[in-house]
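The values are calculated or read from the model by the stated rules, or taken from the named source; none is laboratory data. Since the structure is predicted, the reported quantities are computational estimates derived from the model, not experimental observations. Here the Cβ positions follow ideal geometry from the backbone for every residue, glycine too, while neighbour counts run over all protein chains shown. Surface accessibility is based on the protein's heavy atoms, side chains included, excluding ligands, DNA and RNA. Shrake-Rupley method; radii C 1.70, N 1.55, O 1.52, S 1.80 Å.
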Amino acid sequence: MKAVLNTGEAQALLQASIDGELPDERGRFGPFGGRYVPETLVPAFERLEKGIAEHLHSEDFQKEFRAQLRGWVGRPTALTFAPRLSERWGTEVWLKREDLAHTGAHKINNAIGQALLAKRLGAKRIIAETGAGQHGVASAAACARVGLPCRVYMGAVDIKRQAPNVDRMHRLGAEVIPVETGDKTLRAAIDEAMREWVADPAGTYYLIGSAVGPHPYPYLVRELQLVIGQEARAQIIEYAGGLPDVAFACVGGGSNAIGLFYPLLGDSDVELIGVEAGGIGDGLGENAATLATGTPGVLQGSYSIVLQDEHGNVRETQSISAGLDYSGVGPEHALLQAVGRVTYVGARDDEALQALEELCETEGILTALETAHAYAAAKRWSKDNPGKRVLIGNSGRGDKDMPTLSRLPVRTKYDASA
Ligand SMILES: *Cc1c(COP(=O)(O)O)cnc(C)c1O
(Lines give C-alpha, C1' and ligand atoms only; values in the text may rest on other atoms or scores of the structure.)
Protein backbone atom coordinates (compact mmCIF):
# COMPACT_ATOMS: atom_id res chain seq x y z
CA MET A 1 0.00 0.00 0.00
CA LYS A 2 1.43 3.35 -1.03
CA ALA A 3 0.52 5.73 1.79
CA VAL A 4 0.74 8.98 -0.13
CA LEU A 5 -2.46 10.43 1.34
CA ASN A 6 -3.52 11.34 4.87
CA THR A 7 -6.86 10.07 6.19
CA GLY A 8 -8.82 13.24 5.48
CA GLU A 9 -7.53 13.49 1.91
CA ALA A 10 -8.21 9.82 1.32
CA GLN A 11 -11.80 10.12 2.53
CA ALA A 12 -12.46 13.20 0.40
CA LEU A 13 -10.98 11.54 -2.69
CA LEU A 14 -12.97 8.36 -2.17
CA GLN A 15 -16.15 10.41 -1.87
CA ALA A 16 -15.27 12.37 -5.02
CA SER A 17 -14.67 9.08 -6.77
CA ILE A 18 -18.05 7.68 -5.66
CA ASP A 19 -19.76 10.92 -6.69
CA GLY A 20 -18.32 10.61 -10.22
CA GLU A 21 -16.14 13.72 -9.88
CA LEU A 22 -12.90 12.04 -10.88
CA PRO A 23 -10.84 12.51 -12.91
CA ASP A 24 -10.74 16.24 -12.15
CA GLU A 25 -10.35 18.87 -14.88
CA ARG A 26 -6.60 18.18 -14.97
CA GLY A 27 -7.30 14.54 -15.72
CA ARG A 28 -6.21 13.42 -12.26
CA PHE A 29 -7.45 10.77 -9.89
CA GLY A 30 -6.09 12.47 -6.77
CA PRO A 31 -2.31 12.42 -7.22
CA PHE A 32 -2.46 9.90 -10.08
CA GLY A 33 -3.18 10.15 -13.79
CA GLY A 34 -2.66 13.35 -15.77
CA ARG A 35 -1.09 13.67 -19.18
CA TYR A 36 2.65 13.43 -19.73
CA VAL A 37 3.06 13.61 -23.50
CA PRO A 38 5.34 15.39 -25.97
CA GLU A 39 4.24 18.87 -27.05
CA THR A 40 3.46 17.57 -30.55
CA LEU A 41 0.72 15.33 -29.18
CA VAL A 42 -1.04 17.89 -26.97
CA PRO A 43 -3.41 19.14 -29.70
CA ALA A 44 -4.47 15.57 -30.53
CA PHE A 45 -5.31 14.86 -26.88
CA GLU A 46 -7.16 18.16 -26.55
CA ARG A 47 -9.22 17.37 -29.62
CA LEU A 48 -10.05 13.96 -28.20
CA GLU A 49 -11.02 15.47 -24.85
CA LYS A 50 -13.32 17.96 -26.55
CA GLY A 51 -14.87 15.22 -28.68
CA ILE A 52 -15.56 13.07 -25.64
CA ALA A 53 -17.17 15.99 -23.79
CA GLU A 54 -19.39 16.64 -26.79
CA HIS A 55 -20.41 13.10 -27.74
CA LEU A 56 -19.82 10.42 -25.11
CA HIS A 57 -22.80 11.20 -22.90
CA SER A 58 -25.04 12.62 -25.57
CA GLU A 59 -28.36 10.85 -25.92
CA ASP A 60 -27.59 10.12 -29.55
CA PHE A 61 -24.22 8.47 -28.95
CA GLN A 62 -25.43 6.48 -25.96
CA LYS A 63 -28.36 5.18 -28.00
CA GLU A 64 -26.04 4.05 -30.78
CA PHE A 65 -23.53 2.51 -28.34
CA ARG A 66 -26.26 0.63 -26.42
CA ALA A 67 -27.73 -0.67 -29.68
CA GLN A 68 -24.32 -2.08 -30.74
CA LEU A 69 -23.79 -3.62 -27.31
CA ARG A 70 -27.15 -5.31 -27.51
CA GLY A 71 -27.28 -6.35 -31.14
CA TRP A 72 -23.63 -7.05 -31.99
CA VAL A 73 -21.69 -7.61 -28.77
CA GLY A 74 -24.47 -9.72 -27.23
CA ARG A 75 -25.21 -7.74 -24.05
CA PRO A 76 -26.35 -8.00 -21.40
CA THR A 77 -23.98 -10.88 -20.71
CA ALA A 78 -25.26 -13.55 -18.32
CA LEU A 79 -24.75 -13.64 -14.59
CA THR A 80 -24.22 -17.30 -13.80
CA PHE A 81 -24.62 -19.00 -10.44
CA ALA A 82 -21.86 -21.59 -9.89
CA PRO A 83 -23.45 -24.30 -7.71
CA ARG A 84 -20.69 -26.92 -7.77
CA LEU A 85 -17.92 -24.39 -7.25
CA SER A 86 -19.96 -22.87 -4.41
CA GLU A 87 -20.23 -26.24 -2.76
CA ARG A 88 -16.48 -26.81 -3.02
CA TRP A 89 -15.54 -23.37 -1.74
CA GLY A 90 -18.23 -22.98 0.92
CA THR A 91 -19.32 -19.61 -0.47
CA GLU A 92 -22.08 -18.53 -2.87
CA VAL A 93 -20.31 -17.87 -6.17
CA TRP A 94 -21.68 -15.81 -9.07
CA LEU A 95 -19.91 -15.20 -12.37
CA LYS A 96 -20.28 -12.15 -14.62
CA ARG A 97 -19.82 -13.73 -18.04
CA GLU A 98 -17.77 -11.37 -20.23
CA ASP A 99 -16.51 -14.53 -21.95
CA LEU A 100 -19.89 -14.62 -23.68
CA ALA A 101 -19.34 -11.22 -25.30
CA HIS A 102 -18.43 -11.11 -29.00
CA THR A 103 -14.76 -11.99 -29.65
CA GLY A 104 -14.62 -13.65 -26.24
CA ALA A 105 -13.81 -10.99 -23.67
CA HIS A 106 -14.75 -7.61 -22.22
CA LYS A 107 -12.34 -5.82 -24.58
CA ILE A 108 -15.02 -5.53 -27.25
CA ASN A 109 -17.12 -3.11 -25.13
CA ASN A 110 -14.29 -0.61 -25.26
CA ALA A 111 -13.30 -1.28 -28.87
CA ILE A 112 -16.77 -0.75 -30.34
CA GLY A 113 -17.35 2.30 -28.12
CA GLN A 114 -14.16 3.98 -29.28
CA ALA A 115 -14.70 2.98 -32.92
CA LEU A 116 -18.12 4.68 -32.82
CA LEU A 117 -16.56 7.73 -31.21
CA ALA A 118 -13.83 7.83 -33.88
CA LYS A 119 -16.50 7.94 -36.55
CA ARG A 120 -18.22 10.88 -34.88
CA LEU A 121 -14.91 12.71 -34.60
CA GLY A 122 -14.46 12.37 -38.36
CA ALA A 123 -11.47 10.01 -38.25
CA LYS A 124 -10.56 8.36 -41.56
CA ARG A 125 -8.69 5.45 -40.01
CA ILE A 126 -7.99 3.79 -36.70
CA ILE A 127 -4.72 2.70 -35.20
CA ALA A 128 -4.34 0.41 -32.23
CA GLU A 129 -1.60 -1.46 -30.45
CA THR A 130 -1.70 -4.96 -29.14
CA GLY A 131 0.44 -7.26 -27.02
CA ALA A 132 -1.11 -10.70 -26.94
CA GLY A 133 -3.40 -9.76 -29.80
CA GLN A 134 -6.75 -9.75 -27.98
CA HIS A 135 -7.19 -5.99 -28.20
CA GLY A 136 -6.01 -6.12 -31.81
CA VAL A 137 -8.71 -8.65 -32.65
CA ALA A 138 -11.41 -6.63 -30.84
CA SER A 139 -10.27 -3.45 -32.62
CA ALA A 140 -10.19 -5.15 -36.03
CA ALA A 141 -13.72 -6.47 -35.49
CA ALA A 142 -15.04 -3.10 -34.26
CA CYS A 143 -13.44 -1.24 -37.18
CA ALA A 144 -14.99 -3.63 -39.67
CA ARG A 145 -18.33 -3.11 -37.98
CA VAL A 146 -18.19 0.70 -38.28
CA GLY A 147 -16.44 0.66 -41.68
CA LEU A 148 -13.09 2.24 -40.85
CA PRO A 149 -9.68 0.90 -41.89
CA CYS A 150 -7.64 -0.46 -38.99
CA ARG A 151 -3.92 -0.68 -38.52
CA VAL A 152 -2.59 -2.59 -35.53
CA TYR A 153 0.95 -2.10 -34.21
CA MET A 154 2.40 -5.23 -32.72
CA GLY A 155 5.90 -6.04 -31.50
CA ALA A 156 7.82 -8.41 -33.76
CA VAL A 157 8.38 -10.74 -30.80
CA ASP A 158 4.64 -10.85 -30.04
CA ILE A 159 3.79 -11.49 -33.69
CA LYS A 160 5.84 -14.68 -33.52
CA ARG A 161 4.29 -15.72 -30.18
CA GLN A 162 0.69 -14.96 -31.14
CA ALA A 163 0.38 -16.17 -34.73
CA PRO A 164 -3.30 -17.26 -34.50
CA ASN A 165 -4.37 -13.78 -33.37
CA VAL A 166 -2.36 -12.16 -36.17
CA ASP A 167 -4.28 -14.36 -38.59
CA ARG A 168 -7.59 -13.40 -36.95
CA MET A 169 -6.78 -9.69 -37.31
CA HIS A 170 -5.91 -10.15 -40.98
CA ARG A 171 -9.14 -12.00 -41.64
CA LEU A 172 -11.08 -9.21 -39.93
CA GLY A 173 -9.52 -6.81 -42.41
CA ALA A 174 -6.85 -5.16 -40.27
CA GLU A 175 -3.31 -4.42 -41.30
CA VAL A 176 -0.76 -5.65 -38.75
CA ILE A 177 2.45 -3.62 -38.55
CA PRO A 178 5.45 -5.36 -36.98
CA VAL A 179 7.37 -3.12 -34.55
CA GLU A 180 11.09 -3.83 -34.62
CA THR A 181 12.16 -1.07 -32.22
CA GLY A 182 12.74 -1.14 -28.45
CA ASP A 183 11.74 -4.33 -26.67
CA LYS A 184 9.71 -5.40 -29.75
CA THR A 185 6.71 -6.07 -27.51
CA LEU A 186 3.70 -4.12 -26.19
CA ARG A 187 5.59 -1.11 -24.85
CA ALA A 188 7.36 -0.51 -28.16
CA ALA A 189 4.07 -1.01 -30.02
CA ILE A 190 2.40 1.73 -27.93
CA ASP A 191 5.29 4.12 -28.61
CA GLU A 192 5.06 3.40 -32.34
CA ALA A 193 1.28 3.93 -32.43
CA MET A 194 1.74 7.30 -30.69
CA ARG A 195 4.36 8.30 -33.28
CA GLU A 196 1.96 7.42 -36.05
CA TRP A 197 -0.76 9.48 -34.40
CA VAL A 198 1.49 12.58 -34.34
CA ALA A 199 1.92 12.30 -38.10
CA ASP A 200 -1.82 12.66 -38.76
CA PRO A 201 -3.65 13.66 -35.55
CA ALA A 202 -6.81 14.89 -37.32
CA GLY A 203 -7.42 11.95 -39.65
CA THR A 204 -6.30 9.19 -37.30
CA TYR A 205 -7.96 7.89 -34.14
CA TYR A 206 -5.83 6.00 -31.60
CA LEU A 207 -7.87 3.22 -30.01
CA ILE A 208 -6.23 2.31 -26.70
CA GLY A 209 -6.88 -1.11 -25.17
CA SER A 210 -7.05 -0.63 -21.42
CA ALA A 211 -7.74 1.98 -18.72
CA VAL A 212 -4.18 3.28 -19.00
CA GLY A 213 -2.26 6.03 -20.78
CA PRO A 214 -2.61 9.81 -20.71
CA HIS A 215 -5.87 11.58 -19.84
CA PRO A 216 -8.60 11.21 -21.14
CA TYR A 217 -8.05 7.51 -21.98
CA PRO A 218 -8.39 6.02 -18.47
CA TYR A 219 -11.64 7.94 -18.08
CA LEU A 220 -12.95 7.04 -21.55
CA VAL A 221 -12.22 3.33 -21.16
CA ARG A 222 -13.87 3.27 -17.71
CA GLU A 223 -17.01 4.91 -19.07
CA LEU A 224 -17.21 2.32 -21.86
CA GLN A 225 -16.57 -0.67 -19.55
CA LEU A 226 -18.74 0.23 -16.56
CA VAL A 227 -21.64 -1.49 -18.28
CA ILE A 228 -20.14 -4.68 -16.79
CA GLY A 229 -20.67 -3.52 -13.21
CA GLN A 230 -24.01 -1.86 -13.92
CA GLU A 231 -25.39 -5.10 -15.33
CA ALA A 232 -23.80 -7.32 -12.68
CA ARG A 233 -25.10 -5.15 -9.83
CA ALA A 234 -28.69 -5.23 -11.11
CA GLN A 235 -28.52 -8.94 -11.98
CA ILE A 236 -27.16 -10.11 -8.65
CA ILE A 237 -29.79 -8.09 -6.77
CA GLU A 238 -32.46 -9.65 -8.95
CA TYR A 239 -31.19 -13.26 -8.93
CA ALA A 240 -29.55 -13.55 -5.52
CA GLY A 241 -31.69 -11.08 -3.64
CA GLY A 242 -28.92 -8.69 -2.69
CA LEU A 243 -25.45 -7.32 -3.28
CA PRO A 244 -22.36 -9.52 -3.06
CA ASP A 245 -20.11 -9.42 0.00
CA VAL A 246 -17.08 -9.25 -2.25
CA ALA A 247 -16.23 -8.77 -5.94
CA PHE A 248 -13.06 -10.04 -7.62
CA ALA A 249 -11.55 -9.04 -10.97
CA CYS A 250 -8.16 -9.63 -12.54
CA VAL A 251 -6.01 -6.57 -13.23
CA GLY A 252 -3.68 -6.09 -16.19
CA GLY A 253 -4.07 -2.46 -17.21
CA GLY A 254 -7.27 -2.54 -15.20
CA SER A 255 -10.15 -2.11 -17.67
CA ASN A 256 -12.36 -5.09 -16.78
CA ALA A 257 -11.72 -4.48 -13.08
CA ILE A 258 -12.66 -0.80 -13.18
CA GLY A 259 -15.70 -1.69 -15.28
CA LEU A 260 -16.91 -4.15 -12.63
CA PHE A 261 -15.86 -2.15 -9.56
CA TYR A 262 -16.88 1.38 -10.49
CA PRO A 263 -20.66 0.93 -10.11
CA LEU A 264 -20.01 -0.81 -6.75
CA LEU A 265 -17.72 1.85 -5.23
CA GLY A 266 -20.57 3.48 -3.33
CA ASP A 267 -21.74 0.16 -1.86
CA SER A 268 -19.46 0.33 1.14
CA ASP A 269 -20.41 -3.15 2.36
CA VAL A 270 -19.09 -4.73 -0.84
CA GLU A 271 -15.41 -5.55 -0.52
CA LEU A 272 -13.50 -5.08 -3.79
CA ILE A 273 -10.40 -7.11 -4.61
CA GLY A 274 -8.23 -6.72 -7.72
CA VAL A 275 -5.99 -9.63 -8.61
CA GLU A 276 -2.65 -9.16 -10.34
CA ALA A 277 -0.28 -11.69 -11.84
CA GLY A 278 1.93 -13.12 -9.10
CA GLY A 279 3.98 -14.92 -11.78
CA ILE A 280 6.49 -17.41 -10.43
CA GLY A 281 7.50 -15.55 -7.27
CA ASP A 282 7.80 -12.32 -5.29
CA GLY A 283 11.17 -11.18 -6.63
CA LEU A 284 11.54 -8.22 -9.03
CA GLY A 285 11.01 -9.44 -12.58
CA GLU A 286 9.26 -12.62 -11.44
CA ASN A 287 5.69 -11.26 -11.61
CA ALA A 288 3.48 -8.44 -12.87
CA ALA A 289 2.10 -7.45 -9.45
CA THR A 290 2.34 -3.74 -10.12
CA LEU A 291 0.13 -2.38 -7.34
CA ALA A 292 1.30 -4.93 -4.79
CA THR A 293 5.01 -4.30 -5.32
CA GLY A 294 5.52 -1.23 -7.54
CA THR A 295 6.26 2.43 -6.78
CA PRO A 296 4.83 5.73 -8.08
CA GLY A 297 6.17 6.90 -11.43
CA VAL A 298 5.30 7.94 -14.97
CA LEU A 299 4.78 5.25 -17.58
CA GLN A 300 3.39 5.88 -21.06
CA GLY A 301 2.03 9.30 -20.29
CA SER A 302 0.38 8.72 -16.94
CA TYR A 303 1.47 9.00 -13.29
CA SER A 304 0.57 5.76 -11.60
CA ILE A 305 2.23 2.81 -9.89
CA VAL A 306 4.96 1.23 -11.98
CA LEU A 307 7.26 -1.79 -11.70
CA GLN A 308 10.62 -0.04 -11.82
CA ASP A 309 14.00 -0.12 -10.16
CA GLU A 310 15.34 2.69 -7.96
CA HIS A 311 16.59 4.57 -11.06
CA GLY A 312 13.15 4.54 -12.67
CA ASN A 313 14.03 1.85 -15.21
CA VAL A 314 10.90 -0.14 -16.02
CA ARG A 315 11.24 -3.79 -15.01
CA GLU A 316 10.49 -6.75 -17.20
CA THR A 317 7.47 -8.70 -16.02
CA GLN A 318 6.59 -12.36 -15.97
CA SER A 319 3.22 -14.07 -16.09
CA ILE A 320 1.69 -17.12 -17.70
CA SER A 321 -1.08 -14.85 -18.99
CA ALA A 322 -0.11 -12.39 -21.71
CA GLY A 323 -2.96 -10.02 -20.84
CA LEU A 324 -1.67 -9.40 -17.31
CA ASP A 325 1.97 -9.19 -18.30
CA TYR A 326 2.40 -5.39 -18.10
CA SER A 327 4.60 -3.26 -15.85
CA GLY A 328 2.05 -0.47 -15.38
CA VAL A 329 -1.54 -0.14 -14.22
CA GLY A 330 -4.32 2.40 -14.75
CA PRO A 331 -4.13 5.49 -12.50
CA GLU A 332 -7.63 5.08 -11.08
CA HIS A 333 -6.57 1.78 -9.52
CA ALA A 334 -3.57 3.50 -7.95
CA LEU A 335 -6.00 5.92 -6.31
CA LEU A 336 -8.48 3.23 -5.21
CA GLN A 337 -5.60 1.43 -3.54
CA ALA A 338 -4.26 4.60 -1.90
CA VAL A 339 -7.67 5.49 -0.43
CA GLY A 340 -8.18 1.91 0.75
CA ARG A 341 -11.34 1.19 -1.23
CA VAL A 342 -9.91 -1.67 -3.31
CA THR A 343 -7.38 -4.25 -2.14
CA TYR A 344 -4.93 -5.64 -4.69
CA VAL A 345 -3.46 -9.10 -4.26
CA GLY A 346 -1.45 -11.46 -6.45
CA ALA A 347 -2.11 -14.97 -7.66
CA ARG A 348 0.76 -17.08 -8.96
CA ASP A 349 0.88 -18.94 -12.29
CA ASP A 350 0.36 -22.35 -10.67
CA GLU A 351 -2.58 -21.16 -8.54
CA ALA A 352 -4.23 -19.67 -11.63
CA LEU A 353 -3.79 -22.92 -13.58
CA GLN A 354 -5.33 -24.92 -10.75
CA ALA A 355 -8.26 -22.54 -10.57
CA LEU A 356 -8.75 -22.75 -14.33
CA GLU A 357 -8.93 -26.55 -14.15
CA GLU A 358 -11.27 -26.48 -11.17
CA LEU A 359 -13.69 -24.15 -12.96
CA CYS A 360 -13.61 -26.35 -16.08
CA GLU A 361 -14.38 -29.43 -14.06
CA THR A 362 -17.08 -28.00 -11.80
CA GLU A 363 -18.92 -25.59 -14.08
CA GLY A 364 -17.99 -26.47 -17.64
CA ILE A 365 -16.43 -23.08 -18.28
CA LEU A 366 -12.97 -22.73 -19.82
CA THR A 367 -11.92 -19.31 -18.57
CA ALA A 368 -9.04 -17.16 -19.81
CA LEU A 369 -5.67 -17.46 -18.07
CA GLU A 370 -6.00 -13.81 -17.01
CA THR A 371 -9.38 -14.46 -15.44
CA ALA A 372 -8.14 -17.59 -13.68
CA HIS A 373 -6.11 -15.34 -11.38
CA ALA A 374 -9.32 -13.84 -10.00
CA TYR A 375 -10.64 -17.35 -9.26
CA ALA A 376 -7.45 -18.30 -7.44
CA ALA A 377 -7.75 -15.29 -5.13
CA ALA A 378 -11.49 -15.83 -4.63
CA LYS A 379 -10.86 -19.42 -3.63
CA ARG A 380 -8.32 -18.31 -1.01
CA TRP A 381 -10.74 -15.68 0.33
CA SER A 382 -13.58 -18.19 0.52
CA LYS A 383 -11.65 -20.34 2.98
CA ASP A 384 -11.82 -17.55 5.57
CA ASN A 385 -15.31 -16.35 4.72
CA PRO A 386 -17.72 -19.29 4.61
CA GLY A 387 -21.28 -18.60 3.55
CA LYS A 388 -20.52 -15.23 1.94
CA ARG A 389 -21.71 -14.16 -1.51
CA VAL A 390 -18.88 -13.83 -4.05
CA LEU A 391 -19.04 -12.08 -7.44
CA ILE A 392 -16.27 -12.85 -9.94
CA GLY A 393 -15.67 -10.90 -13.13
CA ASN A 394 -15.20 -13.66 -15.71
CA SER A 395 -13.36 -11.34 -18.10
CA GLY A 396 -12.84 -13.75 -21.00
CA ARG A 397 -12.80 -17.24 -22.39
CA GLY A 398 -9.80 -19.51 -22.52
CA ASP A 399 -9.95 -20.82 -26.07
CA LYS A 400 -7.18 -18.38 -27.02
CA ASP A 401 -4.99 -19.97 -24.34
CA MET A 402 -5.16 -23.49 -25.74
CA PRO A 403 -1.63 -23.33 -27.24
CA THR A 404 -0.28 -22.55 -23.74
CA LEU A 405 -2.54 -25.03 -21.97
CA SER A 406 -1.83 -27.81 -24.49
CA ARG A 407 1.83 -27.72 -23.54
CA LEU A 408 0.93 -28.56 -19.94
CA PRO A 409 -0.23 -31.90 -18.61
CA VAL A 410 -3.90 -31.92 -17.65
CA ARG A 411 -4.78 -32.12 -13.97
CA THR A 412 -1.33 -32.72 -12.60
CA LYS A 413 -1.53 -29.76 -10.30
CA TYR A 414 -5.22 -29.58 -9.60
CA ASP A 415 -5.98 -31.06 -6.20
CA ALA A 416 -9.64 -31.33 -5.30
CA SER A 417 -8.89 -31.50 -1.60
CA ALA A 418 -6.81 -28.29 -1.60
C1 LIG B 1 -6.75 -8.25 -21.87
C2 LIG B 1 -7.41 -9.08 -20.86
C3 LIG B 1 -7.33 -8.79 -19.47
C4 LIG B 1 -6.49 -7.70 -18.91
O5 LIG B 1 -6.85 -6.40 -19.30
P6 LIG B 1 -7.57 -5.39 -18.32
O7 LIG B 1 -7.50 -4.10 -19.04
O8 LIG B 1 -6.80 -5.37 -17.02
O9 LIG B 1 -8.94 -5.86 -18.12
C10 LIG B 1 -8.06 -9.58 -18.60
N11 LIG B 1 -8.81 -10.62 -19.02
C12 LIG B 1 -8.90 -10.93 -20.34
C13 LIG B 1 -9.75 -12.09 -20.74
C14 LIG B 1 -8.22 -10.17 -21.29
O15 LIG B 1 -8.32 -10.50 -22.59
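Side notes on the structure shown:
- Interchain or long-range residues, amide H under 5 Å from A368's placed H: G396, R397, G398
- Gain upon complete extension [H170, E49; 0.36 nm per residue less C-alpha separation]: 40.5 nm
- Here the Karplus relation 6.51 cos²θ - 1.76 cosθ + 1.60, evaluated at θ = phi - 60°, turns the backbone of region 385-394 into coupling constants of 9, x, x, 7, 9, 10, 10, 10, x, 8 Hz, with x for every Gly and Pro.
- Mean separation of Cα pairs under 8 Å and 6 or more residues apart, divided by the residue count, gives region 299-418 a relative contact order of 21 percent.
- Spatial extent of region 100-143: Rg and Dmax, with the Cα atoms as the point set, Å: 10.3, 31
- Under the criterion of Cα pairs below 8 Å and six or more residues apart, the relative contact order for the chain equals 20 percent.
- A Gaussian network model of the chain, with springs between Cα atoms under 10 Å, assigns the largest mean-square fluctuation among S255, S139, S58 to S58.
- Residue-normalised accessible area of region 78-220, expressed per residue, 1.4 Å probe, Å²: 34
- For region 304-320, Karplus couplings with θ = phi - 60° (6.51, -1.76, 1.60), whole Hz, Gly/Pro x: 8, 9, 9, 7, 8, 8, 5, 9, x, 7, 5, 8, 5, 10, 9, 7, 5
- Within the chain, helix-based [θ] at 222 nm, where runs of 4 or more DSSP H residues each add -39,500 (n - 2.57), nearest 500: -12500 deg cm²/dmol
- Net lengthening on full extension, D24/E361 (0.36 nm per residue, minus Cα-Cα): 116.7 nm
- Portion, in percent, of the accessible area of the chain that falls on carbon or sulfur, probe 1.4 Å: 50
- Distance histogram in 20 Å bins (all Cα pairs of the chain, percent per bin): 29, 62, 9
- 3J(HN,Hα) couplings calculated from phi for region 370-378 with the Karplus curve 6.51 cos²θ - 1.76 cosθ + 1.60 (θ = phi - 60°) are, in sequence order, 4, 4, 4, 4, 5, 5, 4, 5, 5 Hz; Gly and Pro show x.
- For the residues A193, A156, A101, a GNM of the chain with alpha-carbon springs under 10 Å puts the largest fluctuation on A156.
- Here the contact order of region 344-406, divided by its residue count and restricted to Cα pairs under 8 Å and six or more residues apart, works out to 35 percent.
- Charge context of T185, other residues only, Cβ under 12 angstrom, K/R +1, D/E -1: -4
- Aspartates and glutamates whose Cα lies under 16 Å from that of K50, excluding same-chain neighbours fewer than 8 positions away: D24, E25, E223
- Taking a straight line from the alpha carbon of K107, these lysines sit under 21 Å away, with near neighbours fewer than eight places off in the same chain left out: K63, K96, K119, K400.
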